[in-house]
1. Once you place label points 7 Å from the Cα toward the Cβ at B:Leu60 and A:Gln167, how far apart are they in nm?
2. Longer than 32 Å from Cα to Cα, which of A:Lys136/B:Lys105; A:Lys78/A:Lys135; A:Lys135/B:Lys24; A:Lys122/B:Lys116; A:Lys122/B:Lys103; A:Lys78/A:Lys127 are they? Say none if no pair is.
3. Would you mind checking which residues have amide H under 5 Å from B:Gly230's amide H? H placed 1.01 Å from N; only 5 or more apart, or other chain.
4. Which percent of Cα pairs goes in each bin when the distances of the range A:89-167 are cut into 5 angstrom slices starting at zero?
5. From the protein chains alone at 1.4 Å, what is the descending order of accessible area for A:Phe15, A:Phe47, A:Phe151, A:Phe75, largest first?
6. Given H placed 1.01 Å from N in the peptide plane, which residues other than close sequence neighbours of A:Ile144 have an amide H under 5 Å from its amide H?
7. For the range A:29-125, what value does the Rg/Rh ratio take when both radii are computed over Cα atoms and Rh is the Kirkwood radius, given to two decimals?
8. On the full set of protein chains, 1.4 Å probe, figure out the accessible area of A:Asp22 and give it in Å² to the nearest 10.
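The values are calculated or read from the model by the stated rules, or taken from the named source; none is laboratory data. The shown structure was predicted, so the numbers you read here are calculated from the model rather than taken from an experiment. A quick note on method: Cβ atoms are made from the backbone with ideal geometry, for glycine too, and the neighbour counts reach across all protein chains shown. Surface accessibility is based on the protein's heavy atoms, side chains included, excluding ligands, DNA and RNA. Shrake-Rupley method; radii C 1.70, N 1.55, O 1.52, S 1.80 Å.
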Amino acid sequence: MAIPDLVPLVEALVFAAEKPLDAAQLADILEAEQMNIIQALDELAEFYDRHPRGIFLHQVAGGFQLRTRPEYADFLRKLGRRRPFRFSRAAMESLAIIAYRQPITRPEIEYLRGVDSGSVLKTLMEKHLVRILGKKDVPGKPMIYGTTSEFLELFGLADLASLPTLQEFSELTEDAGVDGMSPSHLAASSEESDLVGSDGFSSEH
Amino acid sequence: MNLYEVHLDNFTGPLDLLLHLIKKNEMDIYDIPIAAITSQYLEILDAMQTLNLDVAGEFLLMAASLVHVKSRLLLPKVVDDESEEDEDDPRAELVRRLLEYQKYKEAAVALDEQPKLNQDVFSRFAPEPEVLEKCDGGFVEVSLFDLLAALQDVLRENPEPLFHTVDVEQLSVTDRINAIMSRLQGHQSLAFYDLFPDKVERSDIVVTFLAMLELVRLRMVRFMQNKRFGTIWLMTSVEVTPDELELGEEALGYS
């Protein structure tokens, strides 16, 4: 059982914090045992799960953050706080390759994609989603790249281990009736492969 | 042959285009009819060129590889009854790359479907696109890459002049070290860019930069910044007056 006062305290801190807070930081601030903090976080997460609230406790980038529920996205977007953007497919491809294969060099990315990735890589670095981890100790000393904690925050991932599982094998039995490569075509193919749950919440538990 | 509607933007690369053709024709990826796929692939490249689209080099390279694979298929095999199968199928490399590529292509779609911060889920503090630099937080160490990027910024603003300089100006790193240290006196920190006045000789910039590096090496200043890509600050780490410094150019190795 968590210390009763700890749950609302933890809630207040997570609510007011600018960035995701982890249990160690909370324990520091509250001068409490980390174990009790974890219990309080568990209890808080459970509370948000059980009661129909607009926000939930999301484990992200190694910490915890209160976020609005994805199913309310359409309404929240009307607040217009942020201009919606979409990643190009080239950017998403490169980002996925870096996320799953890091640390990785640019030639390795380009071999996997079969195409020059310099400008895409630059954009991802500018958006702080990818960073240089260092140099690889091979001839030429190529830079090695990896993802940032901003990447985890953007995609709501607790850590790299909570990336959607890579589909090792997937038969190319696509419905052949689809003409061209329209966005709807992409959506259809991903529904079939069923890589993420429809709510995308699975990483939370 | 069908007429293909070509949207170049829809293909992120030659592997993507090949996968599309394989799906469209319901081909078996482990037994790709190279001749058929090559002719369709080339047809699309032709169409791209007709539309005056620049065909990226990678697409042409793939076309060459396809033809190469086909030519190897046509060559009589050295018959080795034991292991003539898959092992030396010239298509194996291509198949492996296609499968690997497809794996990440699907992963990208799955990742893109995750609820994204400020798109699908919102937190109270949405990081603003252009946040003002805050000076309250702690400092973090500047990485070598940030430092080099900062040097490059300064060098870019002061491009190499197109004329020859005939007069030789003696620049001393020691003098510059002393100059920096006296500027630092009474201050806790100086911004990196403030140490480079406008319209300065490039050799001057180099000497100033070397002086900074020397100071860091001597542990008299440290490079710090508030946040990634933030301003780089030179911060004093010890109180030293310039005359306490007994640095000869020889000692520094710049004589």
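1. Going by the 7 Å Cα→Cβ label model, 3.5 nm.
2. Result: A:Lys78/A:Lys135; A:Lys135/B:Lys24 exceed 32 Å.
3. Under 5 Å from the amide H of B:Gly230 lies no amide H from a residue far enough along the sequence or on another chain.
4. 3, 15, 28, 26, 17, 8, 2, 0
5. Largest to smallest exposure gives the sequence A:Phe75, A:Phe15, A:Phe47, A:Phe151.
6. Long-range HN contacts for A:Ile144: A:Leu133, A:Gly134, A:Lys135, A:Lys136.
7. 1.13
8. That residue has around 50 Å² of solvent-accessible surface.
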